[in-house]
1. Quick check, is residue A:380 charged (D, E, K, R), part of a helix (DSSP H, G or I) and in contact with a strand residue (DSSP E or B) (Cβ under 8 Å, 6 or more places away or on another chain)?
2. Any idea which of A:252, A:269, A:276 is open to solvent by 40 Å² or more (accessible area, probe 1.4 Å), in contact (Cβ under 8 Å) with a residue 60 or more places away in the chain and within 16 Å of RNA strand B (Cβ to nearest atom)?
3. Search the range A:70-89 for residues being farther than 27 Å from residue A:186 by Cβ and not basic (Lys, Arg), and hand back the single one that is farthest from RNA strand B (Cβ to nearest atom).
4. Quick check on my filter: what residues within the range A:119-134 are farther than 16 Å from residue A:84 by Cβ and hydrophobic (A, V, I, L, M, F, W, C)?
5. Among the small types (Gly, Ala, Ser), more than 16 Å from RNA strand B (Cβ to nearest atom), open to solvent by 20 Å² or more (accessible area, probe 1.4 Å) and over 20 Å from residue A:245 (Cα atoms): does that describe residue A:321?
6. Any idea how many residues of the range A:27-66 are under 38 Å from the mean Cα position of the chain (by Cα) and either farther than 19 Å from residue A:87 by Cα or of a type in the set (D, E, K, R) (or both)?
7. Looking only at the range A:416-435, filter to residues that are crowded, with 17+ Cβ neighbours inside 10 Å and outside any strand (DSSP E or B); which one of those is modelled with the lowest pLDDT?
8. Taking the condition within 28 Å of residue A:19 (Cβ to Cβ), in contact with a helix residue (DSSP H, G or I) (Cβ under 7 Å, 6 or more places away or on another chain) and aromatic (Phe, Trp, Tyr), does residue A:115 pass?
Amino acid sequence: MAKTESPQSPQSASTLDEIRATRLDKVKQLQEAGLNPFAYRWDVTDHAADLQAKYADLAPGEEVEAEVAIAGRILARRVFGKLAFFTLQDETGTIQLYLDKKVIGQTMTDQPDAFTHLKQLTDVGDLLGVKGTLKRTDKGELSVKVQDYAVLTKALLPLPDKWHGLTDVAKRYRQRYVDLIVNPPVRETFRKRALITSAIRRYFEDRGFLEIETPVLQGEAGGAEARPFITHHNSLDMQLYLRIATELHLKRLIVGGFERVFEIGRIFRNEGISTRHNPEFTSIEFYQAYADYHDFMALTEDLIASIAQSVLGTTEITYQGTPIDLTPPWRRVSMHDLVKEHTGLDFHQFESLEQAKGAVAALGIANGDGCDSLGRLLNEVFEQQVETTLIQPTFLIDHPVEISPLSKPHRSQPGVVERFELFIAGRETANGFSELTDPIDQRQRFEAQAARKAAGDLEAQGVDEDFLTALEYGMPPTCGEGIGIDRLVMLLTDSASIRDVIAFPLLKPDRAEEGMES
RNA sequence: GGGUCGCUAGCUCAGUGGUAGAGCAUUCGGCUUUUAACCGACUGGUCCUGGGUUCGAAUCCCAGGCGACCCA
């Protein structure tokens, strides 16, 4: 097309390329006027939301003398001949700019074309710095009556429709920066996420826990059942894994004498993507010497209730339309009892795996084909029949030993361990247990895992010999727990998808690979 | 992995076999109290990609891509 041959002064612009060319031309015009369309700084003394709150009582038509200086992005322009109203958005909110040619002409004497530039060379999307006084217009809108302004950054690309915004979900995730500009609730979600993470960190620091960072790159990926990402270190020429948990290293620190440690960090699991799963996600794991799983259930109730209270101001929340009461105490019920309650099956009474499989098959409630033990079958039935029904916060406790290779055996019940999983809104949100400290038992558990791995279970762990050595030096009785920060943030921000609480979730490339034939 | 739905202008969406549409944005003109400003004029398209059927495909068929939801 020969249409774009005259970029100097496009007569009209509609396609993205044409809009961009028009704006580049405005950049040039600003530069020719001696102005920098990509400025260095602005003295920001005020923010929109603060001003809105502080002057909430200012009556229509009233003005105040105090000078304010703010900066932000132009979200809307309403331009008249010698008067203009812009809506400016900063991190806190929006405020209207009252741009009067007369006022600007009197104060910006060194820029005789200042008002004309405002009308002709600024666009929705540009970043603007302004100084002025405050007035509430006759129509009741608090406004900065601008005396001085500068284009701080000229935007070359247009923002989405001011009314309908950006709704294309894929585009929202791929271009989160645009999503954040035009969808204020998205900013609020990430603001809350930061508050939640900060509150969690403060909670543990206030109780004497030390945050100690452990390796992401590991020779053996342990501490959970999950497929790891594999990478390679060139100069050592060795295969490394990205961590699937922080557990085994934090427990080494407990062996080393720290009594309370935690780590908030990124975990990587090479598994599917869904509304509840992202390949990299954030967990907090924390460990306390001389404590057991009863202590940590109490701690968890208090932690999550106090986070909700401090961030949301309440412990009674609504998640996707369902009321959820986070007020402690929460129900504690064993996996055996809960499965019995929902299905009538009493796994304590089965004498063989075959008998149990027969009973499960007779009810037609779960596919236990892949289960090689009573404990795994019990877990399978739980996951298929019970898990999603646990809406109100519930501690599922005393899991089968077969699915809990790092937990201490129950002090009075054979076959189960001292473990709890917290379910809220049908989702596992936390997992903790009295830590297995017996190195002989731990070796047997690892070897059982290794055998599964050898048999083709890609989620099974290998034997971590160095961790066993650490245990042989002696680990104090300890309780440990991990909480999925993303899922907790989903719950507290009423977000349906984990992608709504991860700023830059992993996405498939949005174009087909064209390099296949080359 | 299976099923359903979606993909058309920068954005939000109509268009179900016969000339590719609207609103907003953009561009131009007007306007000193607007706030989805208004009034007038204009501009803007690989209809996700590739193949097929047809005189003719955004539309029907096949394959693929990306996404949403549901199921496993």
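1. On the way: charged (D, E, K, R): yes; part of a helix (DSSP H, G or I): yes; in contact with a strand residue (DSSP E or B) (Cβ under 8 Å, 6 or more places away or on another chain): no.
Here the answer is no, as residue A:380 does not meet what is asked.
2. Details: A:252 fails: within 16 Å of RNA strand B (Cβ to nearest atom); A:269 fails: in contact (Cβ under 8 Å) with a residue 60 or more places away in the chain.
Going through A:252, A:269, A:276 in turn, just one is open to solvent by 40 Å² or more (accessible area, probe 1.4 Å), in contact (Cβ under 8 Å) with a residue 60 or more places away in the chain and within 16 Å of RNA strand B (Cβ to nearest atom): A:276.
3. Here the residue is A:84.
4. Those that are farther than 16 Å from residue A:84 by Cβ and hydrophobic (A, V, I, L, M, F, W, C): A:127, A:134.
5. Values: among the small types (Gly, Ala, Ser): yes; more than 16 Å from RNA strand B (Cβ to nearest atom): no; open to solvent by 20 Å² or more (accessible area, probe 1.4 Å): yes; over 20 Å from residue A:245 (Cα atoms): yes.
So residue A:321 does not fit the description; no.
6. Let us first name the residues in the range A:27-66 that are under 38 Å from the mean Cα position of the chain (by Cα), namely A:27, A:36-57.
Subset that is either farther than 19 Å from residue A:87 by Cα or of a type in the set (D, E, K, R) (or both): A:27, A:36-41, A:43, A:46, A:50, A:54, A:57.
Number satisfying all stated conditions: 12.
7. A:425
8. Yes, satisfied.
The values are calculated or read from the model by the stated rules, or taken from the named source; none is laboratory data. Note that the coordinates shown come from a computational prediction; the quantities given were computed from them, not determined experimentally. Glycine gets a Cβ as well: all are built from the backbone with ideal geometry, and neighbour counts include every protein chain shown. Areas reflect the complete protein model, heavy atoms only, side chains present, ligands, DNA and RNA absent. Shrake-Rupley method; radii C 1.70, N 1.55, O 1.52, S 1.80 Å.
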